[in-house]
Amino acid sequence: MQIIFVSNYINHHQLPFCKAMLAQNKGEFLFIQTEPMEQERTAMGWALDVKEYPFVRCYYEEPESCQKLINEGEIVIFGGVEEESYIEPRLESGKLTIRYSERIYKEGQWKFISPRGLKKKYHDHIRYRKKNVYLLCSGAYVASDFQLIHAYPGKMFTWGYFPEFMEYRADELMDHKSADGSIEILWAGRMIDWKHPEHAIEAVGDVLKENPKVHLTMAGGGEMEPQLKQMAAELGIEGSITFTGFLCPPDIREKMLGADIFLFTSDYKEGWGAVLNEAMNSGCAVVASSGIGAVPYLLRHGKNGMVYRNGKIKELKQYVRELVGQKGLCRSLGLAAYETIRNTWNADVAAANLLRLLRSIQMEQPEAAVSGPASRADIIAPAKGYVYTRK
């Protein structure tokens, strides 16, 4: 079964899945990269040397041969690319095609009524609703977005991103956490408005009033960094916060290993949020916004993390206070989070589930996984994500 994965570029979040597909599909797997990585991601340490990976082809270096593969390949998985011309001839031909997508209405589902937007959605998606095309939903609200435009009826499956899984024993994992009564809290990402790093500082400023042994590390950088440092100074907590600047992915994982609590404060514009996978793999007790695409798929409130309603700072502060006051709860949530990634949300499971689904589709009897990657995608309206995490 020849599988060709087409996306904008390969990175450390996609590489483990690609390696798993290569291993589990007997080497019949290619990744076609349509463009070089943008400078911002390269500066964050995301760049990979594609020459190290024989299964990667670069469309901009071999356009004719790559387009031939896209047009004629047995199965093509396509996503992360704005330009539809790569895939349009294949869609017209009726060959089996798997699209993967984050949300199409990150700024609000009310936008689906735009005539101009609907025209493009019809061109890219709706007109193929009865064709041999299926959708992998990279985020819990994707299926809801596509249901609004009546695309892919009965053909949507859960999906996401699958960073490298790192195996630990429970005692080994907890040995990395603070043991002197202090609490280490981590926030990591680009410091931009919709990731709301200011919420992390506000929450920690609140809890520091009760527990001076709390420390916050802000890993990353961006346009809001000067504003955040000023905010910390105005709250009088600059001595309890460390700003590290951008760190390479291995260094971020090292910070996560040492963190008791991980704060993930983005809003609905966070289509997935692979740092959630990584923080859970590292045994952190996560406090996350319900607006984040990965959250309803990966977290169950009070069982393997804490989920607050998108934008509700009061709830965020409440959950941070609870965790700071209960080190045992931090440990139990962190271990449960680790088991979620170990057992379900990792590249090996995703590849196995997807291959099983693809074979069943070829036999015209689609069989989804029972849960996790490649299971049937529930229709979760963005406003209901918070409730879904309480199931």
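The values are calculated or read from the model by the stated rules, or taken from the named source; none is laboratory data. Keep in mind it's a predicted model, so treat the numbers as computed, not measured. Positions of Cβ are generated from backbone atoms using ideal geometry, with glycine treated the same way; all protein chains shown enter the neighbour counts.
Please state which one of 341, 292 is assigned to a helix (DSSP H, G or I) and either surrounded by fewer than 24 Cβ atoms within 10 Å (Cβ to Cβ) or not basic (Lys, Arg) (or both). Write out each step before concluding.
Values: 292 fails: assigned to a helix (DSSP H, G or I).
Result of the check over 341, 292: 341.
Based on what the data block shows, is residue 351 assigned by TED's automatic domain parsing to the domain that holds residue 155, modelled with pLDDT of 95 or more and crowded, with 20+ Cβ neighbours inside 10 Å? Show your work before the answer.
Numbers: assigned by TED's automatic domain parsing to the domain that holds residue 155: yes; modelled with pLDDT of 95 or more: yes; crowded, with 20+ Cβ neighbours inside 10 Å: yes.
It is true that residue 351 is assigned by TED's automatic domain parsing to the domain that holds residue 155, modelled with pLDDT of 95 or more and crowded, with 20+ Cβ neighbours inside 10 Å.
Give me a count of the residues in region 317-335 that are more than 17 Å from residue 288 (Cα to Cα) and buried (at least 22 other Cβ atoms within 10 Å of the Cβ).
0
Given the residues 119, 131, 106, which is the only one that is more than 20 Å from residue 17 (Cβ to Cβ) and free of Cβ contacts under 8 Å to residues at least 12 places away in the same chain?
Answer to the selection: 119.
Name the strands (runs of 3 or more DSSP E) wholly within region 140-249 that hold at least 2 residues that are surrounded by 15 or more Cβ atoms within 10 Å (Cβ to Cβ) and not assigned by TED's automatic domain parsing to the domain that holds residue 286? Lay out the reasoning, then the answer.
On the way: elements: 156-159, 183-190, 214-221, 241-245.
Fully inside region 140-249 and qualifying: 156-159.
Please tell me if residue 332 is small (Gly, Ala, Ser), out of contact with any helix residue (DSSP H, G or I) (no Cβ under 9 Å at 6 or more places or on another chain) and over 23 Å from residue 138 (Cβ atoms). Quick ask: steps written out before the conclusion?
Numbers: small (Gly, Ala, Ser): yes; out of contact with any helix residue (DSSP H, G or I) (no Cβ under 9 Å at 6 or more places or on another chain): yes; over 23 Å from residue 138 (Cβ atoms): yes.
Considered against the rule, which asks whether it is small (Gly, Ala, Ser), out of contact with any helix residue (DSSP H, G or I) (no Cβ under 9 Å at 6 or more places or on another chain) and over 23 Å from residue 138 (Cβ atoms), residue 332 comes out as yes.
For a quick check of your reading: which helices (runs of 4 or more DSSP H) sit entirely within region 1-76 and have at least 1 residues that are over 18 Å from residue 248 (Cα atoms), of a type in the set (Lys, Arg) and at pLDDT 90 or above?
Values: elements: 15-24, 39-43, 63-72.
Output list reads 15-24, 63-72.
Can you pull out every residue in region 96-123 that is charged (D, E, K, R) and under 25 Å from residue 292 (Cβ atoms)?
99, 102, 103, 106, 107, 111, 121
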